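Here is the structure we will look at, set down as structure tokens.
The values are calculated or read from the model by the stated rules, or taken from the named source; none is laboratory data. Just so it is clear, the model here is predicted, and its values are computed rather than measured. Every residue, glycine as well, gets a Cβ built from its backbone with ideal geometry; the counts of neighbours run over all protein chains shown. For accessibility, only protein heavy atoms count, side chains too; no ligands or nucleic acids. Shrake-Rupley method; radii C 1.70, N 1.55, O 1.52, S 1.80 Å.
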Amino acid sequence: MNFSAFVQWLDATPGSVALRESMLGYPMIETMHVLTLCLFLGMIALVDLRLLGLGFQSIPVSEVAGRLLPIGLAGFVLMAVSGALLFYSGPIRAYGNIFFRIKMALIMLTGINALVFHYTIYKRVASWDRDPIPPLRARLAGLCSLVLWSAVVVCGRMQAYNWFEKAPGA
Amino acid sequence: MDLLPFFQQLEATTVGRVVRESLWMFPVIECVHLLALALLGGAVLLVDLRLLGFGLVNQPVDLLARKADPWLLAAWMVIIATGIPMFLSEATKCYYSPPFFYKIGLLVIASVYTFTYRRRVTRELAYGRAPLTACASLALWFGVGFAGRWIAFY
């Protein structure tokens, strides 16, 4: 079964239909998805600001990252669960949406950025932990993270608009 | 006093008209509004979580609050600056939306609370906790965000 067929099947399951048509469930999940942004992206942004040397400079980088990233990770889990439910509520619509596809690709890029950061420059954090302005590669990782996650948010929001969906008669 | 004529006047303003008649302006402003929400949430959570005993627990509260304040204030200003044109573009719709009035009411309370009482508490606290102050802040801001999202539904 290819992914397109899977999406067709998922869209027709009773749970998907019920969620799509619910008066309360869908708005609740969407609200949770949006507000969890504070917990997830809020923490990520604070760490990124420290990496960029733009904020919290008196606090060691490893302390900021070590204390705030676990909280951000909890936010990410809530984000992923609520996001999966939103996808489940309308798989065909989401799958066919260009912004959804860009968003998924961007999330993968944020993962790559985080992995590269953790396994390269962050390995040597002891040598620059207290630098008010971290080394270039750390600053670049922070900048990439901020830009990529902002783009994820923009795509997520744009997904709700239907300008590009096939116009009537087109 | 009926506010409807006033809201209709607001919707008829140049800013309201321009945003309403543009296809892309509302979504773009909305994206900036959301990104600022994430930053405001982060700055609020950083200090509130610390007051509850989570996050940067090795740092004194007053130092954290001082460091978080400029970001909180900047995000707050961006949220207001983007919220106003969105409101103007659909003021009449907002008039008929109960969540809109809840949001504005809670926003006023949350802002006053944050910039007066909560600021004083956090500035006078070093290594202690203040869970009640934090819970009130979290509840207020959660209410603002929750009601804000529901403007789209009701």
With the dipole of the protein assembly as shown defined by +1 on each Lys or Arg Cβ and -1 on each Asp or Glu Cβ, the option from A:L146, B:L34, A:V34 whose Cα lies farthest towards the positive pole is A:L146
Within the accessible area of the stretch B:51-154, what % is carbon and sulfur when the probe is 1.4 Å and the other protein chains stay in place? 72 percent
When all Cα-Cα pair distances of chain B are considered, the percent exceeding 26 Å is 33 percent
Counting only protein heavy atoms with a 1.4 Å probe and every protein chain in place, the carbon and sulfur fraction of the accessible surface of the stretch A:3-158 in whole percent equals 74 percent
Given Cα pairs under 8 Å that are at least 6 residues apart, what percent is the relative contact order of the stretch B:1-150? 35 percent
How large is the charge dipole for the stretch A:3-158, taken about the Cα centre, if only the Cβ atoms of Lys, Arg (+1) and Asp, Glu (-1) carry charge, to the nearest 20 debye? 340 debye
Magnitude of the Cβ-charge dipole (Lys and Arg +1, Asp and Glu -1) of the protein assembly as shown about the Cα centre, nearest 20 debye, reported as 640 debye
About the Cα centre, and with charges only on the beta carbon of Lys, Arg (+1) and Asp, Glu (-1), how big is the dipole of the stretch A:5-69? Nearest 20 debye, please. 180 debye
In degrees, nearest 10, range 0 to 90: what is the angle between the Cα axis of helix B:98-113 and the longest Cα principal axis of chain B? 40 degrees
How big a patch of accessible area, both sides summed and in Å² to the nearest 100, lies buried between A and B at a 1.4 Å probe? 3100 Å²
Kirkwood Rh and Cα-based Rg: tell me the resulting Rg over Rh for the protein assembly as shown, rounded to two decimals. 0.99
Radius 14 Å from Cβ of A:A141, net charge of other residues (Lys, Arg +1; Asp, Glu -1): +4
Binned Cα-Cα distances of the stretch A:3-158, short to long, each 10 Å bin given as a whole percent: 11, 35, 28, 16, 9, 1
Positive end of the dipole of the stretch B:4-150, charges at C-beta (+1 Lys, Arg; -1 Asp, Glu), about the Cα centre: which of B:T13, B:W76, B:C94 has its Cα farthest in that direction? B:W76
Label point 7 Å beyond Cα of B:Q8 along Cβ direction - residues of the stretch B:82-99 with amide nitrogen under 18 Å: B:88-97
Using the alpha-carbon centroid of each, what span in Å lies between the stretch B:69-114 and the stretch B:24-58? 15 Å
Take the Cβ-Cβ distance between B:R123 and B:M77 as r, set R0 to 30 Å, and report the resulting FRET efficiency rounded to the nearest 0.05. 0.90
